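Reviewing the structure listed below.
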């Protein structure tokens, strides 16, 4: 196997890598500070489509983590980029929060429930039966089905929450139509992020806490991959997958000296 090029740009997941249940993971501040000082391009990625980059910047800043708005890439932004490329100036019926609706407004999309081009499903803490019923009927009438990410559950202090992937499965069961998932592990999200910072996959690294999204996405995009054990994947689970990360680390603190 040929040697990889030195890492010149970094992509890192947010939940489980930099923060856990609203609390910074020890070493995350040092890692981000080293990245900023190095001048190397970097992005903080999240499959969560609830918040805009400005929202996330403010939330992280309150935790003592300084991530500029332009260095945040969400599945909502990736979904908007995909739809803008596929059907510029289109229409969509959206189930989601401000992170998703703002991203679609910013690309010139009209949000409507009258014969939309797409039904776009994102993350929200208030999925309603009425909205899901409307989405099902619009998809049955011919709207294309898009979902921001395939995560089936999300974390909370009280335990797992149903996430976009679970709700998408409900809609698929009712319509017989599978969605196109834009977020991780789709390498489309990674490549769009790399393009946004002018980076190349052969000299980039992806850090994540999930084998099935973060590591798989980085692997399929051609990047070096780091799995940290501060999130959803335990060390005993790594061997269950048919693919491996380049490196397994206890936490982001162990990667500060790699920059």
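How many of the residues in the stretch 164-208 are more than 13 Å from the chain's Cα centre (by Cα) and under 24 Å from residue 120 (Cα atoms)?
Qualifying residue count for the region: 18.
Being farther than 23 Å from residue 118 by Cα and touching a strand residue (DSSP E or B) at 6+ places or on another chain (Cβ under 7 Å) is a property that residue 196 has. Taking residues in the stretch 237-248 that are closer than 18 Å to residue 203 by Cα, and partners anywhere that are surrounded by 15 or more Cβ atoms within 10 Å (Cβ to Cβ), the pairs with Cβ atoms closer than 6 Å and at least 6 places apart or on different chains are 245/215; 245/225; 245/227; 246/224; 246/225; 247/226.
Of all residues in the stretch 78-114, those satisfying the criterion of being within 15 Å of the chain's Cα centre (by Cα) and in contact (Cβ under 8 Å) with a residue 60 or more places away in the chain are 78, 79, 81, 82. Checked against the criterion of being within 27 Å of residue 166 (Cα to Cα), surrounded by fewer than 20 Cβ atoms within 10 Å (Cβ to Cβ) and modelled with pLDDT under 95, the candidates 125, 59 yield just one match: 125.
When the stretch 5-23 is limited to residues that are touching a residue at least 60 places away in the same chain (Cβ under 8 Å) and not in a loop (DSSP other than H, G, I, E, B), the one that is nearest to the chain's Cα centre (by Cα) turns out to be 13.
Has the stretch 107-118 got any residue that is in a helix (DSSP H, G or I), modelled with pLDDT of 95 or more and surrounded by fewer than 17 Cβ atoms within 10 Å (Cβ to Cβ)? Scanning the stretch 107-118 turns up no residue that is in a helix (DSSP H, G or I), modelled with pLDDT of 95 or more and surrounded by fewer than 17 Cβ atoms within 10 Å (Cβ to Cβ).
What about residue 228, is it touching a helix residue (DSSP H, G or I) at 6+ places or on another chain (Cβ under 8 Å) and farther than 20 Å from residue 149 by Cβ? No: the conditions fail for residue 228. Against the test of being out of contact with any helix residue (DSSP H, G or I) (no Cβ under 8 Å at 6 or more places or on another chain) and modelled with pLDDT of 95 or more, the options 249, 168 yield a single qualifying residue, 168.
Restricting to the stretch 84-97, name every residue that is touching a helix residue (DSSP H, G or I) at 6+ places or on another chain (Cβ under 7 Å) and either assigned to a helix (DSSP H, G or I) or surrounded by fewer than 20 Cβ atoms within 10 Å (Cβ to Cβ) (or both).
90
Take the conditions (1) in contact with a helix residue (DSSP H, G or I) (Cβ under 6 Å, 6 or more places away or on another chain); (2) closer than 30 Å to residue 97 by Cα; (3) surrounded by fewer than 23 Cβ atoms within 10 Å (Cβ to Cβ); (4) modelled with pLDDT of 95 or more; residue 220 misses just one of them, which is (4). Against the test of being closer than 25 Å to residue 192 by Cβ, modelled with pLDDT under 95 and either surrounded by 19 or more Cβ atoms within 10 Å (Cβ to Cβ) or outside the structural domain of residue 23 (by TED's automatic domain parsing) (or both), the options 157, 163 yield a single qualifying residue, 163.
The values are calculated or read from the model by the stated rules, or taken from the named source; none is laboratory data. Since the structure is predicted, the reported quantities are computational estimates derived from the model, not experimental observations. Counting neighbours? That spans all protein chains shown, and the Cβs are built from the backbone with ideal geometry, glycine included.
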